[in-house]
Structures are given as C-alpha cells and as structure tokens.
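The values are calculated or read from the model by the stated rules, or taken from the named source; none is laboratory data. Computed from a prediction, not measured in an experiment: that's the story for all the values here. Note: ideal-geometry Cβ built from the backbone for every residue, glycine included; neighbour counts use all protein chains shown.
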Amino acid sequence: MIETEIKRISGSPTVKKTSDVVIIGGGLAGLCLSIQLAVSGYEVILLEKHEYPFHKVCGEYISMESWPFLTRLGLPLDQMNLPRINTVEISSPSGTLIKHRLDLGGFGISRYELDFRLSQLAKMSGVRLFENTRVTGVEFHGNEFNIKAGNEHFTGKLCAGSFGKRSNLDIKWNRPFIQKRHHGLNNYLGIKYHVRYPVEPGVIALHNFQNGYCGISSIENDKACLCYLSSAINLQHHDNDIKKMEAELLSKNPHLRKIFSEAEILFKEPEVISQISFEKKSLVENHVLMIGDAAGMITPLCGNGMSMAMHGSKIAASLMHQFLQGIYSRSEMESEYIKNWSKQFSSRMVMGRGVQSLFGDRFITNLFIGAIKPFPFLIDMLIKKTHGQPF
Ligand SMILES: Cc1cc2nc3c(=O)[nH]c(=O)nc-3n(C[C@H](O)[C@H](O)[C@H](O)COP(=O)(O)OP(=O)(O)OC[C@H]3O[C@@H](n4cnc5c(N)ncnc54)[C@H](O)[C@@H]3O)c2cc1C
C-alpha cells in the first residue's frame, strides 16, 4: 500500500491512499464486496460515512437465499441463535388477514448487528475500512479513479458505488432517478423501531394501511423490528408528526392498532429516511459499478433487497477479479456487469413495482387481499417471482 503525503490544508496533512478497488458505502453490498475482493488478495479500501455499529431503516428479515453466501463469507449464522421465519401474514387496511407458508423462508437479524459483524470480518480480511468518511467526489482520469472525502484522497483502478438508496453522490451526478418529478413510486418514507412485542414465532407480518405497509418480525435477543414504508403525503397530511400519523392512520388497521398500543418501543427516536425511490437506476455511472440499492431498489414488500445487495456484490466481485487479472477490458467488464445484473434481477424489479402498485390505495389493497386470499398458489407465484435461489 502506498501512502503519500501530497499537501497540507489548514495545517492537517492530506494523505493520498492507493488501492486496487475503492468501494463507496459500507452497507451490505459494499461490505460483502470488500470481503470477497480482499480474500482474493486485492488491496481494497472501503469508505463509510458512519461509524459501526449503527442503526439503519430496514425490516431486518433476510431471505434464506443469502444464508450460504453469508456463511461462506465467514459469518457463523448457525451459532448465532437467530430467529427463523417460515410464515408470512398479510393484512388489508381493514384487517382481513392472509397467512401463508414461505417455501424458502428467512431469518431475522438487526442491521446494527449484521453490518457490525461484517465490518469486523472485512477488517480481519485485510480491507482498509475508513469510517466517518463521506465521499464528496469521484473522478475518472487516465484509467484511475480519484475519490475525495473531505481532506482525504483515495485512488483505485476500480470503483464500486454501494452508497444505498439516495446519496449526496446521486445528487452530484444528477442521476436520472433524482431528476424525476415526485409521484407515487418515488416519494416514500421509511421508519423503524426495535420493540419488545410477543411476535408469533416464525411469522413475519405485513400490515397494510392507506399508501403504506408496516412489517414486524423477530430479530436477535428476543427483540422485534417494527418498520414501515409510507408515502410522504401521509406524513404531510398529519402535520409532519410521525406519532400522529401512527395514531390516526396506521392504527386504522386493527392489527397495527394493537401493536402500536402494546409494543414497548426500545428507541428514543425512530430511525427515519425519506425520498425513497423504486425507479429504474443506471448500473454503471462514470465507470463506477453500482451495486445494492444504488443499482436499483426493490420494494420492501418483496422482502429481499438485502439478498439482492449481497448477490449483486457477488456478481461484481467476480467481474472485478477478471478485470484485475487482465481477462476483461474495462468496457467488457462493464457490459458483462450490466448483462449479468439484469439477467438476475430485472424481472424481480419489474414484478416488485407491479406488486407495490397493488398495495397503495386503501380500496385496491382491501380488494386485492380479499381476492387473492382463496388462491394461495397465486401468493406462491408472487413470492417466487420476486425472490431468487440460494447463491
Ligand atoms: C422500509 C424498508 C424496509 C426494508 N425491509 C427489508 C427487509 O425486511 N428485508 C430485505 O431484504 N430488505 C429490506 N429493505 C431493503 C434493504 O434495506 C436494502 O435493500 C439494503 O439495505 C441495501 O443495501 P446497500 O448496501 O445497497 O445499502 P445500505 O445498506 O443503505 O448501505 C449504504 C451505505 O452507504 C453509506 N453512504 C451513503 N453515502 C455515502 C457517501 N457519500 N460516502 C460514504 N458512505 C456513504 C451509508 O451510510 C450506508 O451505510 C427495506 C428497505 C426499506 C426502505
């Protein structure tokens, strides 16, 4: 690793750090990519704007398709005593309930725990992890990336963008999904609490309300994750007051009324993110390979965005390896990435957008859940079309 002092700003040294690959954003996509590349012997720099461990808006239900991958990365899932989930319950805004067995199923773990453990694994694998490091600029010149984060500069032969749903870099690059006018599919809020609540073992519940849905399922240490997606308009209609929205809108669903009145909330304040978009995104920007939510976000209703982020990192790691070995040119690597990512995920994304549109309006959601209830094979089909196989 070469570290060269290049200049001084305000008396503090600015250090240029060089590597094979620079990864921007240490969520699941970035952490998993960094570990795979470091284990293959490459010099990897991972830049994360927060410090681990930290909470993140996410329903914290992981589809079993990711279990073998996480285990191979070195996470001892078998020994972590994590709740396994094999049944989904879906209620309409008026309270009609469908209960359905999940073929593949999943497990629960908080992002606080999962991302922290992966960050430890990354460091042990030799990844140079820079926390509290927010990237502000990326340039590609002469076959090399120059990445700026405050006073620090990083360079790499390759760069991955794993900075999540919406970042300062999306705005800086003026990505097309940022330019889209706000409408139903691109203006959502995500809100999360950890709670103590007697969730039925093995069950993930998804309770619908007007323009939103709220999930609850078990995570580690007998806690549950209570997380919902709501249109921004819902909040505006409730004086931008989250508690008021929960009491007056979410609680119209009798299942949510019970949860919100009986759950012991373990957070002082909810975790909140806004301006969530499910619009199509570009997979390569300025030669940066985009992975995870930065490449495209599937609606949380489908419950496998985390698996897609991890699977995407596997695709990127293999192609980056082939580039670094001289097997692919840069343009071949980029077009293979677009091809492989699209083959694996495009139809799921389209299906996810379709499903999302059925779970908005109170009337349509009531109608849809009432109509699908007698036909469990249709529910199986929807789940299959939005999920992948173990990888
Ligand atoms: C309400 C809601 C519920 C969900 N529930 C589920 C669920 O139950 N199951 C499931 O599988 N998926 C769920 N998802 C989706 C899932 O959370 C995401 O798909 C997953 O987190 C994507 O991982 P990622 O690594 O792409 O992004 P993230 O995990 O968001 O990581 C991105 C990282 O980049 C960092 N970052 C951003 N900008 C910069 C910068 N400029 N410099 C440095 N670092 C930066 C951030 O701090 C962050 O740590 C849900 C999503 C929402 C909104």
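Structural remarks
- For the criterion of being touching a Gly at 6+ places or on another chain (Cβ under 8 Å) and either of a type in the set (V, I, T) or away from the ligand (no atom under 15 Å from the Cβ) (or both), T96 passes.
- Meets criteria (closer than 26 Å to H287 by Cα and either touching a strand residue (DSSP E or B) at 6+ places or on another chain (Cβ under 6 Å) or without any contact (Cβ under 8 Å) to a residue 40 or more places away in the chain (or both)) for T136: yes
- Some residue of the range 301-316 being within 16 Å of V39 (Cβ to Cβ), surrounded by fewer than 24 Cβ atoms within 10 Å (Cβ to Cβ) and either among the hydroxyl-bearing types (S, T, Y) or within 12 Å of the ligand (Cβ to nearest atom) (or both): no
- Residue within the range 141-163 that is without any contact (Cβ under 8 Å) to a residue 12 or more places away in the chain, within 11 Å of the ligand (Cβ to nearest atom) and touching a helix residue (DSSP H, G or I) at 6+ places or on another chain (Cβ under 8 Å) present: no
- Test: residue in the range 92-110 that is farther than 30 Å from P374 by Cβ, of a type outside the set (A, V, I, L, M, F, W, C) and outside any strand (DSSP E or B): yes
- The criterion of at least 2 residues that are within 23 Å of K157 (Cβ to Cβ) and in contact with an Asp or Glu (Cβ under 7 Å, 6 or more places away or on another chain) is met by the following helices (runs of 4 or more DSSP H) wholly inside the range 284-391: 305-324.
- Residues within the range 253-282 that are surrounded by 15 or more Cβ atoms within 10 Å (Cβ to Cβ) and either more than 22 Å from the chain's Cα centre (by Cα) or hydrophobic (A, V, I, L, M, F, W, C) (or both), tallied: 10
- Annotation note: of K148, K157, K123, the sole residue that is outside any helix (DSSP H, G or I) and either closer than 30 Å to R72 by Cα or not charged (D, E, K, R) (or both) is K157.
- Scanning the range 103-113 for residues that are at pLDDT 95 or above, among the hydrophobic types (A, V, I, L, M, F, W, C) and touching an Asp or Glu at 6+ places or on another chain (Cβ under 8 Å) yields one hit, I109.
- Within the range 36-71, being within 13 Å of the ligand (Cβ to nearest atom) and among the β-branched types (V, I, T) holds for I45, V57, I62.
- Pairs with Cβ under 7 Å, 6+ apart, first in the range 294-320 and in contact (Cβ under 8 Å) with a residue 40 or more places away in the chain and closer than 16 Å to I273 by Cβ, second near the ligand (Cβ under 8 Å from one of its atoms) and among the aromatic types (F, W, Y): A294/F163
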